[in-house]
Amino acid sequence: MFSRFFGQKKPQEDLKSNQEAVQKQAEQERLEREQQEKAQAEKVMRERAEQQRLEQERQEKARAEQAARERAKQAEDEANASQRFGFLQRTRQIFTRVSNTVEQNDTITDELWEDLEEQLLAADVGPSTSNWLIERLRQRTEEEHFRTGAQVQRALREELTYLLGKPSPLRFSKQSPLTVILVIGVNGSGKTTSVAKMASVLTRDGHKVMLAAADTFRAAAIDQLKEWGERINVPVISQNPGSDPGAVVFDAIQAANTRGCDILIVDTAGRLHTKFNLMEELKKINKIIQRFVPDGPHELLMVIDATTGQNALLQARKFAEDIGLTGVIVTKLDSTAKGGFAFAVADDLGVPIKFIGTGEKIGDLEPFEPQKFVAALFAHN
């Protein structure tokens, strides 16, 4: 009986033992899987971390190479601009001080802003424009978290370029075979000489140009333009001193069409006594032009003497508001240390600078390129 009892219990013990063995084996396999999965996860994480490290190094290297290329390009642009804009030597001396004022400051303080504004005013950037620049730089310093003067200096260059706008070449007629350009300016600003220089530039570019001596109040202006015309081999239409400017323009348009010219430059309004007189003269001239060239005049340019600075700007502002000014020619930049006047012109008058006068020779007038102009001002001597 006892043997039968014990004989019945043994299979149960074996079953339990087998179950425990199976569970133990399963637990061991589970632990091994967890270890393998953990090891695999750690491997993946190490590989991912290594990839991220390599990618970060690649990006840092790329940024460093890009920064090096940009510095090299900036240095090249500055060198080319410095050579091309050598006439800005006197102005560049002031902007070198502007650059030094901000670059040599490890921290940005109220004294930095005061010094910078003082240097901008010394370069004849003008009170209004200088104030705008300082406020704009303060705003960017806060928004972009500038910490050093070098960051402010880079921002200053960007804002100066922004002030000048994009290059603005002359507009030519798309409807008429003749493009008409009117040029006004104060006596002594270099107006008549600028007209001749612009004619020379356009002739070199392949245009057939004619000049109209419509500044009839000054006999010297008529004689001067005729002399320039002979020197550059460009025909000049004129009448006697005191003649009606409108009549001169009428004759010039007829002659330009007859001779197959595609550009007529009108030298007019040498005396700006009052806005009313100027407006009346321009209205009369415009009516005559539009009888034969319906979409003309295509440009109305004012010549401003940089050596007279803010005084010239005040006078220009009085007439620029209502006459439909399309651009400015800034002359005598080679004769002044206040080339910053260009920024005041663009900011105050709200029209682009088309050309700059760089000397007395016939070739000393060139299309204005804002970015290269700013690069030249900050180029190292």
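The values are calculated or read from the model by the stated rules, or taken from the named source; none is laboratory data. This one's a predicted model, so the numbers in the text were calculated from it and none came from an experiment. Positions of Cβ are backbone-derived with ideal geometry, glycine not excepted, and every protein chain shown enters the neighbour counts. Each accessible area value is taken on the protein alone, full model and side chains, heavy atoms only, with ligands, DNA and RNA left out. Shrake-Rupley method; radii C 1.70, N 1.55, O 1.52, S 1.80 Å.
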Task: The one condition in (1) of a type in the set (A, V, I, L, M, F, W, C); (2) in contact with a Lys or Arg (Cβ under 8 Å, 6 or more places away or on another chain); (3) at pLDDT below 90 that residue 150 fails to fulfil - done: (2)
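Answer yes if at least one residue in region 326-334 is farther than 14 Å from residue 194 by Cβ, open to solvent by 60 Å² or more (accessible area, probe 1.4 Å), touching a residue at least 60 places away in the same chain (Cβ under 8 Å) and among the charged types (D, E, K, R), and no otherwise. Break it down stepwise before answering.
Filtering region 326-334 down to residues farther than 14 Å from residue 194 by Cβ leaves 326.
Keeping just the survivors that are open to solvent by 60 Å² or more (accessible area, probe 1.4 Å) gives none.
No, region 326-334 has no match at all.
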Open item on the list: Yes or no: region 313-335 includes at least one residue that is within 30 Å of residue 70 (Cα to Cα) and in a helix (DSSP H, G or I).
Closed with: yes
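Out of curiosity, is residue 197 surrounded by fewer than 20 Cβ atoms within 10 Å (Cβ to Cβ) and either in contact with a strand residue (DSSP E or B) (Cβ under 6 Å, 6 or more places away or on another chain) or at pLDDT below 95 (or both)?
Values: surrounded by fewer than 20 Cβ atoms within 10 Å (Cβ to Cβ): no; either in contact with a strand residue (DSSP E or B) (Cβ under 6 Å, 6 or more places away or on another chain) or at pLDDT below 95 (or both): yes.
For residue 197, the condition - surrounded by fewer than 20 Cβ atoms within 10 Å (Cβ to Cβ) and either in contact with a strand residue (DSSP E or B) (Cβ under 6 Å, 6 or more places away or on another chain) or at pLDDT below 95 (or both) - is not met.
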- [ ] Among what's in region 200-226 and is out of contact with any Asp or Glu (no Cβ under 7 Å at 6 or more places or on another chain) and under 16 Å from residue 299 (Cβ atoms), pick the residue that is most open to solvent (accessible area, probe 1.4 Å).
- [x] 205
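Per-residue answers, yes or no, for (1) charged (D, E, K, R); (2) buried (at least 16 other Cβ atoms within 10 Å of the Cβ):
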site: 233; (1), (2): no, no
site: 236; (1), (2): no, yes
site: 244; (1), (2): yes, no
site: 262; (1), (2): yes, yes
site: 279; (1), (2): no, no
site: 285; (1), (2): no, yes
site: 296; (1), (2): no, yes
site: 299; (1), (2): yes, yes
site: 311; (1), (2): no, no
TODO: Specify the residue that is nearest to residue 194 (Cα to Cα); the eligible residues are those in region 243-266 that are modelled with pLDDT of 95 or more and among the acidic types (Asp, Glu).
DONE: 262
- [ ] Would you mind stating whether residue 305 is at pLDDT 80 or above, touching a Lys or Arg at 6+ places or on another chain (Cβ under 7 Å) and under 30 Å from residue 154 (Cβ atoms)?
- [x] no
Task: Subset of region 352-377 [more than 16 Å from residue 88 (Cβ to Cβ) and open to solvent by less than 20 Å² (accessible area, probe 1.4 Å)] - done: 354
Open item on the list: Please go through (1) without any contact (Cβ under 8 Å) to a residue 60 or more places away in the chain; (2) in contact with a helix residue (DSSP H, G or I) (Cβ under 7 Å, 6 or more places away or on another chain); (3) among the small types (Gly, Ala, Ser) for residue 309 and return the number of the only condition it doesn't satisfy.
Closed with: (1)
